[in-house]
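Structure incoming, see below.
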Amino acid sequence: MATVTFDTHKFVKTLEEAGVPEPQAEAFSTAVKESHEAADLATKGDLRELELRIDTRFEKVHGEMLLMKWMLGLLIAGVASLVLKTFFGV
């Protein structure tokens, strides 16, 4: 889980400069800080790890699909040879 750095003092000062009373600015700051702490965020590292796991799974599926294509090709060739032998006596 990622931690978000939040400068509460700077946030309060910015609100006060905009005309928000100090107690209200402090309350806003506390609310925003708590919402950031409660958030479950993904880091770039988390996303890279997920991408690698997905890539690994797709490589496995790709290999299985390649095997099935070869098996289907051999099956079609076998059926075609039986059809040719049956109808044309080859």
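The values are calculated or read from the model by the stated rules, or taken from the named source; none is laboratory data. Just so we're clear, the structure is a prediction, and the values are computed from it rather than from any experiment. Note: ideal-geometry Cβ built from the backbone for every residue, glycine included; neighbour counts use all protein chains shown.
Does F28 count as part of a helix (DSSP H, G or I), exposed (fewer than 10 other Cβ atoms within 10 Å of the Cβ) and of a type in the set (F, W, Y)? Walk me through it before giving the result.
On the way: part of a helix (DSSP H, G or I): yes; exposed (fewer than 10 other Cβ atoms within 10 Å of the Cβ): no; of a type in the set (F, W, Y): yes.
No; evaluated as a whole, the condition is false for this residue.
Counting just the residues of segment 3-25 that are within 29 Å of G45 (Cα to Cα) and polar (S, T, N, Q), which one comes out surrounded by the fewest Cβ atoms within 10 Å (Cβ to Cβ)? Before you say what the answer is, go through the steps one by one.
Pass one, segment 3-25, residues within 29 Å of G45 (Cα to Cα): 3-8, 10-11.
If we keep only those that are polar (S, T, N, Q) too, we end up with 3, 5, 8.
On the way: T3: 10, T5: 5, T8: 14.
Here the residue is T5.
To continue, here is another question. Looking at (1) of a type in the set (K, R); (2) modelled with pLDDT of 90 or more; (3) touching a Phe, Trp or Tyr at 6+ places or on another chain (Cβ under 9 Å), which is the only condition K33 fails?
Every condition holds for K33 apart from (2).
Here's another thing I want to ask about it. What about L47, is it assigned to a helix (DSSP H, G or I) and within 30 Å of F11 (Cα to Cα)? Full working, then the answer.
Numbers: assigned to a helix (DSSP H, G or I): yes; within 30 Å of F11 (Cα to Cα): yes.
For L47, the condition - assigned to a helix (DSSP H, G or I) and within 30 Å of F11 (Cα to Cα) - is met.
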